[in-house]
Amino acid sequence: MIHRAAVALVSLAVATVASVASAGHAEAATAPSASGGPAVQRVLVISLPATSWSDIEAGDDPHLQQLLSQSAVADMITRAAGRKSSIAGGYTALGAGGRASAVTPLAGQAFEPGEPYGESTAGDVFRQRTGVTATSGLVHLGLDALVRENADGLYDPTIGALGDDLAEHRVPRAVIANGDGAQPVVDDSLPEFQRAAVNALMGSDGRVPGGAVGDELLERDAHAPFGVRMDNDAAYRAFSSAWPTGGVVLVEGSDLLRADLYTDFLTDDQARVQKQAALHRTDELVGRMLADVDSAHDAVFVVSPASPRRGSGLAVSGIRAPGVKPELLRSATSRRDGFVYVIDIAPTILDLLGFPTPSTMEGRTMEVVSGGLAHGDRIGALIHANEDAVFRDSKVATANNIVLGLAAALALATWFVLRRARRRAGAVRFLALGVLGFLFATYLAEPLHFGRRGNAAAFFGFLAVGAVVFAAACSLLGARRRYLPLALALAATVALHVGDLLTGARLELNTVFGYSATVGIRVSGQGNITFSQLTAATLLLGGLAVWRRPRRSTVYAVIGMLAITLLVMAAPPWGGDFGAAIAGAPGFGLFAWLLLGRRVRLRTVVILGAVLVVAGLLVGFADLLRPKDQQTHVGRFFDQVATGGLGDFFLTIRRKATENINSFTSTRLLWILPIVALLVWFLWRVRGGRVRPLFREVPVVRQTILALVVVAFLGYALNDSGVAIPSLMAVVFECALVYVALVPAREPVTDAPNPPPVVPDPPVSDEPRAREPQLV
């Protein structure tokens, strides 16, 4: 006989599957592919390295501005295999259609076969290294180094996947780029050859059939970075030679690359001057090329494969093609309007040409979404998104330090009150509510967009005031009940996050405990730190409710809250957090099982484990059945395992394990765990305290703590944020623990009569049930 808890979890899984399926149909109906019509004949890819929308907006570049006003646009997320990708890493990820790195100094060593290379020519060296004779086109001499680097990495991309697929469909390819520059004394991080643009279109053989990357593209200019600039006449001649043959032609605004590399030697003001000068020269070349483009049959794809070296941020992206409306872009990778990834470029190029995305590519085709915004408003929104993200990223470390400090202050205040000043317990309870209020206020700050004014003092002032107001409101509204203020604080936390996820997760993006597009892995749904706060608050609220109202109806209401929260976290239309589903389901299911008065046996563990696996498989396969350009990372993972076998599965496990281990040294939030552990030890041993009697005599206290431990461990093990997840859960637990420990008891816990039975089922064993305090 299947137990009721198992039935509940299976029902939840089925509901999630239904949500996945319905979401897929809705997205497919409203978000057509980028091409939106018949395949184009040619694709011109204009690369603007290290260029943001604010650069475009600030410049006097009429050709680019007109082109982008006719394009579907988005902020480009340039992150690939690391927190920040180099220009070589961006181009390599573009060509692979997946997360790739390019740290090797050989990443930009692409040449025309006849160019000198040491005592020989590039063609001769290429033949020596590969056994292949190349007399035309372009060759990459660092291919083996790139392949080895990524084979030893955590993502296993297929280097040259885009070039191979285009070659298979007999589509011509050409690259025109040269970002070389020399300085008498330079950092080792600036290799002599900067021709990584070839990585975008080369095949796995290291070759591109056409184009130019030699010194003939450069001319001397004493006022330009490194003393050289792009010869627009030579670049246009190379373009004119390649464009009539059709296919895909990538032209790099290489002056922008040199300007970005040269910022190491410039002041901020001079760097802006050089950037605008490079952008203006690139605009002249773009204007000449666009005159040869047939807008009725050709596509123009503007990309920026890397963000600036100085600072961080998002980059520019736009598509003008037949059938593409000038709206916003998104992709199944980002799942948020106005954001696309560099790994989405290759699938989109193939889609524009009418070809499917190969299974080796991780990225997904960009889609056009109708936002009803004028061009100026679209660009303004993209600029603001970048400003918000950069501001958020600069404040994460400070916010983490504040939470760490608040956790330590709360622990010390608790020790002081219980040792020396018990009359001050009310102030410490207020502080506990204030810590929860601080976390709450970080999300409410997002709609105020402090980053657009760059006012850090106002931001942290708002958080401080918000924490005090939150604590005061909970205290006043719950003044007539001893535990109601804590219940209100936990309920507000649950309501905030569940409500936000149901309405598009708007409060997650660019908040210090949410995520940002500049450094985050995801930009939609629920983030890992929010998962930690939401699950902890849900379990603690459920435990508090059953303790203070030990009735059958309360238990059923709590189980319903657990099910709803889990569904909202997991379903792709809302939270879309598969890690939350498989980390939260066992803890939530175990808690529900124990609340129903059942004991945990080996059979119970097996059943819960089986339900967990079934739920995960149902969600994964349902997502896999959706169109490829609508799948989330869950469906893509199932697709990779299906096509690549267990190798991809174990690669994902290894990547998760590596990131979790690295999290121990990447965040100070780790220190919250020993602080809370010492606080628990102190409260357990303090004479006359309430913690030990509550733990021993109230079963729901033990049940809540057990469920918290299970979710915290699985949350750490199954999510990329690692130790930050149990650390934030520990903060929420500390606030609840301190509040309960400092509420004066009106009766001894051990002298209370038995509460009314929670459920009509008799106990499984003949052992007497533990006594709980009577409701006060």
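Check the stretch 565-584 and report whether any residue there is more than 24 Å from GLY437 (Cα to Cα), open to solvent by 10 Å² or more (accessible area, probe 1.4 Å), free of Cβ contacts under 8 Å to residues at least 12 places away in the same chain and not in a loop (DSSP other than H, G, I, E, B). Among the residues of the stretch 565-584, not one is more than 24 Å from GLY437 (Cα to Cα), open to solvent by 10 Å² or more (accessible area, probe 1.4 Å), free of Cβ contacts under 8 Å to residues at least 12 places away in the same chain and not in a loop (DSSP other than H, G, I, E, B), which makes the answer no. When restricted to residues that are closer than 15 Å to VAL519 by Cβ and either under 19 Å from the mean Cα position of the chain (by Cα) or part of a strand (DSSP E or B) (or both), the stretch 298-310 contains 2.
Note on the stretch 154-234: enclosed strands (runs of 3 or more DSSP E) holding 2 or more residues that are surrounded by 24 or more Cβ atoms within 10 Å (Cβ to Cβ) and at pLDDT 95 or above are 173-176.
Look at (1) open to solvent by 40 Å² or more (accessible area, probe 1.4 Å); (2) within 19 Å of LEU669 (Cα to Cα) and you find that GLY371 fails only one, number (2). ALA296 passes every criterion in (1) at pLDDT 95 or above; (2) farther than 26 Å from VAL208 by Cα; (3) surrounded by fewer than 24 Cβ atoms within 10 Å (Cβ to Cβ) apart from (1).
When the stretch 681-722 is filtered for residues that are crowded, with 22+ Cβ neighbours inside 10 Å and β-branched (Val, Ile, Thr), the ones remaining, listed by number, are VAL698, VAL700, THR704, VAL711.
With the checklist (1) closer than 30 Å to GLU57 by Cβ; (2) surrounded by fewer than 22 Cβ atoms within 10 Å (Cβ to Cβ); (3) within 25 Å of the chain's Cα centre (by Cα) in hand, flag the one item LEU404 doesn't pass. Single failed check for LEU404: (1). Inspect all residues belonging to the stretch 392-401 and state whether any of them is surrounded by 15 or more Cβ atoms within 10 Å (Cβ to Cβ), within 27 Å of the chain's Cα centre (by Cα) and more than 23 Å from LEU496 (Cα to Cα). Among the residues of the stretch 392-401, at least one is surrounded by 15 or more Cβ atoms within 10 Å (Cβ to Cβ), within 27 Å of the chain's Cα centre (by Cα) and more than 23 Å from LEU496 (Cα to Cα), which makes the answer yes. Residue-level check: of (1) part of a helix (DSSP H, G or I); (2) buried (at least 21 other Cβ atoms within 10 Å of the Cβ), GLY499 misses just (2). Filtering the stretch 338-359 for residues that are modelled with pLDDT of 95 or more, surrounded by 17 or more Cβ atoms within 10 Å (Cβ to Cβ) and closer than 30 Å to GLY466 by Cβ leaves a non-empty set.
Note on the stretch 14-57: residues that are among the aliphatic types (A, V, I, L, M) and either in contact with a Leu (Cβ under 8 Å, 6 or more places away or on another chain) or at pLDDT 90 or above (or both) amount to 14. Taking THR135 as the residue in question, decide whether it is buried (at least 24 other Cβ atoms within 10 Å of the Cβ) and either at pLDDT 95 or above or not in a helix (DSSP H, G or I) (or both). Against the criterion (buried (at least 24 other Cβ atoms within 10 Å of the Cβ) and either at pLDDT 95 or above or not in a helix (DSSP H, G or I) (or both)), THR135 does not qualify.
For the structure I just gave you, tell me whether TYR262 is open to solvent by 20 Å² or more (accessible area, probe 1.4 Å), in contact with a Phe, Trp or Tyr (Cβ under 8 Å, 6 or more places away or on another chain) and more than 19 Å from GLN70 (Cβ to Cβ). So TYR262 passes the test.
Which of the residues spanning the stretch 459-504 are in contact with a Cys (Cβ under 6 Å, 6 or more places away or on another chain) and hydrophobic (A, V, I, L, M, F, W, C)? The answer is LEU488, ALA489. The condition of being buried (at least 16 other Cβ atoms within 10 Å of the Cβ), touching a residue at least 60 places away in the same chain (Cβ under 8 Å) and in a helix (DSSP H, G or I) holds for only one of THR442, THR518, that being THR442. No other residue among ARG429, ARG452 is within 14 Å of SER394 (Cα to Cα), out of contact with any Pro (no Cβ under 7 Å at 6 or more places or on another chain) and in contact (Cβ under 8 Å) with a residue 24 or more places away in the chain apart from ARG452.
The residue that is surrounded by the fewest Cβ atoms within 10 Å (Cβ to Cβ), counting only those in the stretch 267-289 that are basic (Lys, Arg) and under 12 Å from ASP55 (Cβ atoms), is ARG272.
Could you check the stretch 62-84 and list, in sequence order, the residues that are assigned to a loop (DSSP other than H, G, I, E, B) and either modelled with pLDDT of 95 or more or crowded, with 24+ Cβ neighbours inside 10 Å (or both)? Give the steps one after another, and end with the answer.
Of the stretch 62-84, the ones assigned to a loop (DSSP other than H, G, I, E, B) are 70-71, 78-84.
Passing the criteria: GLN70, SER71, THR78, ARG79, ALA80.
Answer yes or no as to whether PHE621 is in a helix (DSSP H, G or I), touching an Asp or Glu at 6+ places or on another chain (Cβ under 8 Å) and modelled with pLDDT under 85. Spelling it out, it is not the case that PHE621 is in a helix (DSSP H, G or I), touching an Asp or Glu at 6+ places or on another chain (Cβ under 8 Å) and modelled with pLDDT under 85.
Of all residue pairs spaced 6 or more apart or on separate chains, those with beta-carbon atoms under 7 Å, a first member in the stretch 115-126 that is part of a helix (DSSP H, G or I) and a second member that is among the polar types (S, T, N, Q) and open to solvent by 20 Å² or more (accessible area, probe 1.4 Å) are GLY123/THR135.
Being assigned to a helix (DSSP H, G or I) and without any contact (Cβ under 8 Å) to a residue 12 or more places away in the chain narrows it down to one residue among ASP260, ASP269; which is it? Reasoning before the result, please.
Details: ASP260 fails: without any contact (Cβ under 8 Å) to a residue 12 or more places away in the chain.
So the residue among ASP260, ASP269 that is assigned to a helix (DSSP H, G or I) and without any contact (Cβ under 8 Å) to a residue 12 or more places away in the chain is ASP269.
Confirm whether GLY525 is assigned to a loop (DSSP other than H, G, I, E, B), closer than 19 Å to TYR716 by Cα and in contact (Cβ under 8 Å) with a residue 40 or more places away in the chain. So GLY525 passes the test.
Per-residue answers, yes or no, for (1) closer than 17 Å to TYR91 by Cα; (2) not charged (D, E, K, R):
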site	(1), (2)
ASP294	no, no
HIS297	no, yes
ALA306	yes, yes
ALA321	no, yes
LEU328	no, yes
ARG335	no, no
ASP351	no, no
PRO356	no, yes
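The values are calculated or read from the model by the stated rules, or taken from the named source; none is laboratory data. Small disclaimer: the values here were computed from a predicted structure and weren't measured. Cβ sites come from the backbone with ideal geometry, for glycine too, and all protein chains shown count toward neighbours. Heavy atoms of the whole protein, side chains included, go into the accessibility calculation; ligands, DNA and RNA do not. Shrake-Rupley method; radii C 1.70, N 1.55, O 1.52, S 1.80 Å.
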